[in-house]
Structures are given as structure tokens and as C-alpha cells.
Amino acid sequence: MASRVDLHLHTKASDGALRPAGLVQAAARIGIRAMAVTDHDTVNGVAEAREAASELPIEVIPGIELSASLDRDEIHVLGYLLDVNDPSLQKALRRLQEDRLAQAQAMVERLGALGHPLPWDRVMAIANGGSVGRPHIAKALVECDAVASVDEAFSRFLRRGGPGYVEGPKVLPQEAVGLIRKARGVPSLAHPIIVGASDYRLDLNRLLPMMMEAGLEGIETYYKGYTPEITASLLAVAERYRLIPTGGSDFHGGGVVADAELGGVDVPWESVERLRARKNELDSRPIGCQ
């Protein structure tokens, strides 16, 4: 049975396979009752998702997943219950989209220099109006028979430090947290461990204090591939730092996270309740107060 809660979902607004309305309908069909649309560096899918949910027994929580980095660590920050129309958020997201586009173009150029030319128009067509990123380049590499799969595209070329990877302008994790807080949202650190990616395990003792100083409120403790032992260890971290345990499937509908199943991670309803309570608490404070 699918979890009633999935707080980490992607749509065509970034690199997911489904339109926001289609994702909502699919989630409702399997019994999900609370879901968060958390596209990469964009909130463009939220309005359509909420409209699709208006006559269904499902709540769409407005969200986002911001990309940040610290030294050589790639860090993602989820934002929940934020004001998607906040002017400072919209301005920052426009800049991030411009940066992502320039980064993607530079990677396509580098791949061409490596002997794997890709038509830029085709990459844009694969993105189909969404936030252009590495998954779309990976799919173009598959189409051009440079690789057999999206996974191979990442492992051979597009992983951070890979021959086809180009570093984009850096956003610090505390800056991502601050941006979500300014938009009256509740920030949570995404997937501090990714099972199967041996080089992705964040140093939480170093990272969490600086992010909490910026206003971090949660940490993803329920995630695809997590064993009961991993979840228990992250729940202990959440308790130690007084963070809200959040979680979700990271469902994309195939492609970059092909093994993620919609509603496939058991996330307790308490996570939703605690996010709402923290949102109410933060909203009661004067703007500018942590």
C-alpha cells in the first residue's frame, strides 16, 4: 500500500515526467492524501497542481527543492508551505533559472568537445518548458546513442566532477535556507544520504549548525532506499537538533531517479502536522526574526 504522505515530488516544471495535474491525479488514485510539489529551483508547477487537487481528496503542499553547494558537496534544500508569489523568491528563481540555462549550455558545449555533439534545440525540446538541467542532457545523450541509459550518462559524463560536468554559480546552503524563510516557508535538508551513491553522505555535524543558524527547520529522514537503520540514525539526528523529520519518494516518473515509486516511502502523517505547526509558529513572528 502506498504511503498517504509524499513530500518530495517532481513534475514537468523541472525534470519530472508528468504534468502537475497528472501527478496529482496519479497520487490521488493510489490513496495519497498529502503531497508536496518540490520541483528543482522553480515553483511553476504548484498552481496547476493545486487546481487539479481542488475537487480531489488530496492536499497539495506548495514546495520547492533548491540546489546549493558547499566546497565539493552538492546540497539540496526542500521548502514547504512557502508563498510561491513572494517577490524576493520570484526574483531569486529567475536568476537561478538563468544560471541553470547557462550551465546546461556550457555542458552541451563540453560534451561536443568530447566527441558527443548534442543539438541544443533537442535538449530544450526534451525540457519542454521546464527548468533545464542535467536529466534533459542525459536523455539527449541516450537519444544520440552516446550512452545506453540516463544512469550511464550521469556516471560517465554528468556526475559532479565528471568530464562533461560544468560547475554553475554557487548558492550556499544557508542562502537557500534563507530564501525559503523569506518566502515564509519551512526549510528541510533533502536526502542527507543517497543509498547507492557512495560519494553522497553529508557531514551533518559540520553542515547542520550553519544551516540551522540560517533557519533550517527539518531534515529528510524517510527516503527511497533507506533501511530502518538509516532512518533510525537520521531520526536521532533530527531529535538531537530539534528538526522536523520529513520524507518522500523523490518521484520523477523515470529518468534520473528511475527507481523512485510514487508513494513508495512510508512517511508518517505527523510530519505534515509538524510542518503545519512550525509554519504557523513562523508566521506569528515578525518578519526578519528567526
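The values are calculated or read from the model by the stated rules, or taken from the named source; none is laboratory data. The structure displayed is predicted, hence computed values, not measured ones. Here the Cβ positions follow ideal geometry from the backbone for every residue, glycine too, while neighbour counts run over all protein chains shown.
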Exercise for the section: Look through the stretch 73-127, keep the residues that are acidic (D, E) and under 23 Å from A17 (Cβ atoms), and return whichever of them is surrounded by the fewest Cβ atoms within 10 Å (Cβ to Cβ). Expected result: D121
Handout entry: Qualifying residue in the stretch 115-123 (condition: on the phi < 0 side of the Ramachandran plot and touching a residue at least 40 places away in the same chain (Cβ under 8 Å))
Key = yes
Completion exercise
Taking the stretch 204-224 and keeping only residues that are of a type outside the set (A, V, I, L, M), surrounded by fewer than 16 Cβ atoms within 10 Å (Cβ to Cβ) and either in contact with a helix residue (DSSP H, G or I) (Cβ under 6 Å, 6 or more places away or on another chain) or more than 23 Å from E281 (Cβ to Cβ) (or both), one is left with N205, R206
Practice task
Identify all residues within the stretch 36-54 that are among the hydrophobic types (A, V, I, L, M, F, W, C) and either over 20 Å from K224 (Cβ atoms) or in contact (Cβ under 8 Å) with a residue 40 or more places away in the chain (or both); write none if there are none.
Solution key: A36, V43, V46, A47, A49, A52, A53
Handout entry: Members of the stretch 57-82 that are more than 17 Å from the chain's Cα centre (by Cα) and assigned to a loop (DSSP other than H, G, I, E, B)
Key = P57, I58, D71, R72
Handout entry: Total residues in the stretch 1-55, condition closer than 22 Å to I137 by Cβ, surrounded by 18 or more Cβ atoms within 10 Å (Cβ to Cβ) and among the small types (G, A, S)
Key = 4
Handout entry: Subset of the stretch 141-153 (residues that are part of a helix (DSSP H, G or I), modelled with pLDDT of 90 or more, surrounded by fewer than 24 Cβ atoms within 10 Å (Cβ to Cβ) and not β-branched (V, I, T))
Key = E143, E152
Problem - Meets criteria (among the hydroxyl-bearing types (S, T, Y) and under 16 Å from the mean Cα position of the chain (by Cα)) for Y226 - result: no
Problem - Leading residue by the ranking (surrounded by the fewest Cβ atoms within 10 Å (Cβ to Cβ)) among those in the stretch 157-180 that are modelled with pLDDT of 95 or more and over 24 Å from A92 (Cβ atoms) - result: P163
